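Following: one structure in structure tokens, then a few remarks.
The values are calculated or read from the model by the stated rules, or taken from the named source; none is laboratory data. The shown structure was predicted, so the numbers you read here are calculated from the model rather than taken from an experiment. Note that we place each Cβ from the backbone using ideal geometry, even for glycine, and neighbour counts take in every protein chain shown. All accessible areas refer to the heavy atoms of the entire protein, side chains included, with ligands and DNA or RNA removed. Shrake-Rupley method; radii C 1.70, N 1.55, O 1.52, S 1.80 Å.
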Amino acid sequence: EPNTPSADGTAGDGTTSDGADGSAADGADAGPADDPARWFPESVASGDPQPDAVILWTRVLDADQAGADLEVTLEVAEVDAFTRRVTLDGGSAVTLAALAARHGCVKARVAGLSPDTRYWYRFTYTDAAGASHASRTGRTWTAPAPDADRAVRFAVVSCQDFGGKYYN
């Protein structure tokens, strides 16, 4: 049976918002036009691995459309060359909204994955001129099955905004 994961977006406040939470950016120059950092200045991230799901994140920036809602496409694959993509919501990719109110951030929970499996993922943004820009390729790994007898290691990463009185 083919793997048919689903991707649903969850906003930072726990609510869903058409597959994403994010917004257009602040117009900072992050690099040359063909550099992934130009369009995805914070690159990509994954987290909260479950045996059948992970959270994938990015932020898209288009200085020419600052303040506008944007769209990105998410692809997940079983190999780093993306020759064996997993099915997301019935297709080989899913489109997510990067809302201006969320500063272009997109967070998607991808479910229906296999336990203890490595996956590769990337986001793609198409600008107003029709040019396509891909993020760096990220790598993630689902957690082992609950009954697996195997050691695991986790890294803990925290965003800190001491000036804003947030220090989680």
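Which value results when the Cα radius of gyration for region 33-168 is divided by 2.2 N^0.38 Å? List each step's numbers first, then the result.
Numbers: Rg = 16.2 Å, N = 136, 2.2 N^0.38 = 14.2 Å.
For region 33-168, the normalised Cα radius of gyration comes out at 1.14.
Per residue, region 44-168 exposes 58 Å² of accessible surface when a 1.4 Å probe is rolled over the protein heavy atoms with every protein chain present. Note on residue 118 and residue 64: with the Förster distance fixed at 35 Å, the Cβ-Cβ geometry gives a FRET efficiency of about 0.45.
Sequentially through region 115-127, phi angles give Karplus couplings (6.51, -1.76, 1.60; θ = phi - 60°) of x, 6, 10, 8, 10, 10, 8, 7, 10, 10, 10, 10, 6 Hz, Gly and Pro residues having no value and appearing as x.
Kindly state, to the nearest 0.05, the FRET efficiency for residue 126 paired with residue 42, given R0 = 22 Å and r defined as their beta-carbon distance. Don't skip to the answer; put the middle values down first.
Details: r = 19 Å, r/R0 = 0.88.
With R0 = 22 Å, the Cβ-Cβ based efficiency is 0.70.
How big is the C-alpha Rg of region 74-117 next to the rule-of-thumb value 2.2 N^0.38 Å, as a ratio? Don't jump to the answer; show the numbers that get you there.
Details: Rg = 12.5 Å, N = 44, 2.2 N^0.38 = 9.3 Å.
That ratio works out to 1.34.
Would you please calculate the Kirkwood hydrodynamic radius of region 88-157 over all C-alpha pairs and express it in Å, rounded to one decimal?
Details: mean 1/r = 0.0663 Å⁻¹.
For region 88-157, the Kirkwood estimate is 15.1 Å.
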